[in-house]
Every structure is written in C-alpha cells, then in structure tokens.
Amino acid sequence: MPDYALLISPAARGAYFGETQSVALAEIAGVGGVEIGAFEMHGGMDFLRIACADDLTREVMRLSFVQGLFLVDQQGWHPVEGAKGFGLHEDFVSGEKYRGKTNETLTQLLVNLALQEVETGHTDLRLLDPMCGRGTSLFWAMRYGMSATGVEQDLSALNEIRRGLKKWTKLHRQKHKLAEGWVQKANKKGTGKFLDFKSEGQTARVVIGDTVDARALVGRAPFDLLVTDIPYGVQHMGGPDGARSPLAVIQKAAQGWADCLAPGGVMAIAYNCNIPKRADMIAAFEGLNLEVVERNVAHRMSESILRDVLVLRKAA
Ligand SMILES: C[S@@+](CC[C@H](N)C(=O)[O-])C[C@H]1O[C@@H](n2cnc3c(N)ncnc32)[C@H](O)[C@@H]1O
C-alpha cells in the first residue's frame, strides 16, 4: 500500500485542544483499511503517517483534522491534488460567527462519525439536527451531498440564517432558492415555521419548535443520521431542580429522536460530559432499540467543559 503523510489542520487544534492526536486516531480508526503510523513534525507542521489504498484517499482527506495529503515515496513528498469533493463554499459552514455556534471542525467530526457507522443501506442519506442553532450541521450535510432538517427553539434563528445565506450566496454566486412556510397552523410563537434553502439538488430546512416534538415537526420520512451539539449546561436548562444540565430535555426528547431514525441509522451527539455524565446520557436512550458504538473522541475544551460524543446506532 502507498505511504502518505496527512497534514493536520491547525483548526483541529482549535477544536480538540490537547487531545488533537487522540481524536485524530479515533476518527481515522473509522475508515477501514488504513494502516496508522506515527505523528511527526516537519517545518513546524504536524503530520500523521499512514498507508492506505489509493481509493481511500478521498475519505481520508475528508476527515475533520486533515488539511492536506502527501504521497511519500523514495523521491520525496508529493501533494495529492485530488479535491475533497465538497459542495457549496466552505463559508456556508465557517463564514458565520455567532454566540453559541458549534465549532465547524467538531461538527464535521460528528458527521464523519455518523457516516462511518451508518447501516441504513440508503444511497441518498438524510441528516437531522434536533437542536440545530443556526445550522452548522445542516450546511455541512449539504456540502457532503445530503439533505438535512434542523429543529431550533429560538425563532430569531430563521432571520439570522436567512441573512447569512443571502450574504454567502451573493458572494459566491451560488444558485439557490429560499422558501418559507409552516408545517402546522401559523401561530405567534413561531412553532412550526420553517425556512428552506435549496441548492445543488439538496435542501436544508430549519423548523422552529421544541426538540421534544421533533417527530411531529420534521415529517415522516426517516433520517439516516442524527447529528447534534446539545447545550453545555452553562445556561439554565429548566431542569426540575433548577439544574443547569440539559439532561431533562434529552430524556424527554430521546423517544422522538429515536423514532426519527431509520433502522441502521446513527446518532452522534456532542455534549459536556461533566454535566450530564456519560452514563446518564446512555441511560436516557435505553430501551429505544439503540446500541452504543464506542468511539472515544473526548477532549477538554475548558475547565468546566469536557466534550464527548455519544454514538448510538438503531438496530437494523
Ligand atoms: C450548542 S447549541 C447548537 C449550535 C449549532 N450547532 C450551531 O452551530 O449553530 C444548542 C442549541 O439548542 C437549542 N435548544 C435548546 N433547547 C432546545 C429545545 N428544547 N428545543 C429546540 N432547541 C433547543 C438552543 O437554542 C441552541 O441553539
């Protein structure tokens, strides 16, 4: 098998901090058929040496921590020119900056973990983010060629998303259609109001509502991937004891989230495992026909946030 050197993106360090190497190893472990070598530093840049068949290079280049790939032979290092093959411009996921945004590299990791484990057998995959904020995961899904739906409780998200889309579609001359409507009777709270962004054959829809009602808000067609970054317990979540944990919402939403998945579908949920603990997250999804897929990508973001990802697959 040919030898390669993967250039580790500086953005990965900004997402995974001191655990960048262990997260990278856990992510690449999901690509079958790759021989993992050593981490090396050259010219101040970080690399991971691997060996893999040529037909895996595109999947490897799409890993969240990878900036570029070099073929290594006796003559030296040769940059691999093949494109990552993403749709839409990267600005659609990384251009907007706002409070509460999920890091775009972490979001790509969630998508990759789910894609690596999905067993629905569908060729056209659909992604659901039941706590989608301003849509980072939905636009990543479109870049991967998937349609996506998000649920968000904050009504102001629709205007902000529309504003961002107008900016990036104009700047990058991206052909598209925007449409608005209601999935239920119009109401003052905005529950059921949606915004559709259609481009390159895919649609990203954001629907306003409580994630506990996700099943009713997103339609009956099943999803292959459920990717989400839940609140980190740094804001009041309305728990029974005034707790700052999002666990109460997850417990109420779990059944609906599971019902939205096709058999063989996969959830990748990012959360702060200081609050709630991993065992409590797993317990919230117990009895819903989901198995835990062990993928250890935990990394410390700050003193109070140890970010982990729970990966669950629905029995096929
Ligand atoms: C960590 S943020 C996700 C950010 C998003 N990934 C992005 O990059 O824009 C969590 C989101 O969950 C939303 N949320 C919290 N509780 C919710 C609920 N019960 N129903 C729907 N959305 C909820 C919050 O408003 C927030 O936008």
- Note on the structure: Ignoring ligands and nucleic acids, R13 exposes an accessible area, probe 1.4 Å, in Å² to the nearest 10, of 110 Å²
- Query: Pairs K101/K252; K167/K189; K167/K198; K101/K277; K97/K277; K101/K170: which exceed 20 Å Cα-Cα?
  - Reply: K101/K252; K167/K189; K101/K277; K97/K277; K101/K170
- What whole number of Å gives the distance from the Cα centroid of the range 201-233 to the Cα centroid of the range 255-316? 16 Å
- Whole-Å semi-axes of the ellipsoid equivalent to the chain (Cα gyration tensor, √5λ, descending): 32, 23, 18
- Over the chain, average the accessible area per residue using a 1.4 Å probe and give it in Å², no decimals. 46 Å²
- Report the label-to-label distance for E303 and E291 in nanometres (one decimal), using points 7 Å from each Cα along the Cα→Cβ vector. 4.2 nm
- Relative to the present Cα-Cα distance, how much length would full extension add between Q184 and Y98 at 0.36 nm per residue of separation? 28.1 nm
- Message: So, R0 is 35 Å and r is the distance between the beta-carbons of H78 and F17; what FRET efficiency does that work out to, to 0.05?
- Response: 0.65
- GluC sites (Glu not before Pro) in the range 78-135 lying in a DSSP loop, each with at most 15 other Cβ atoms within 10 Å of its Cβ, come to E81, E90, E119
- Query: Of the accessible area of the chain, with the probe set at 1.4 angstrom, what percent is carbon plus sulfur?
  - Reply: 50 percent
- What spacing in nm lies between the two simple spin-label points modelled at R49 and E200, each 7 Å away from Cα in the Cβ direction? 3.5 nm
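The values are calculated or read from the model by the stated rules, or taken from the named source; none is laboratory data. Computed from a prediction, not measured in an experiment: that's the story for all the values here. Here the Cβ is made from the backbone with ideal geometry for all residues, glycine too, and neighbour counts use every protein chain on show. Remember, those area values only see protein heavy atoms, side chains included, never the ligands or the DNA or RNA. Shrake-Rupley method; radii C 1.70, N 1.55, O 1.52, S 1.80 Å.
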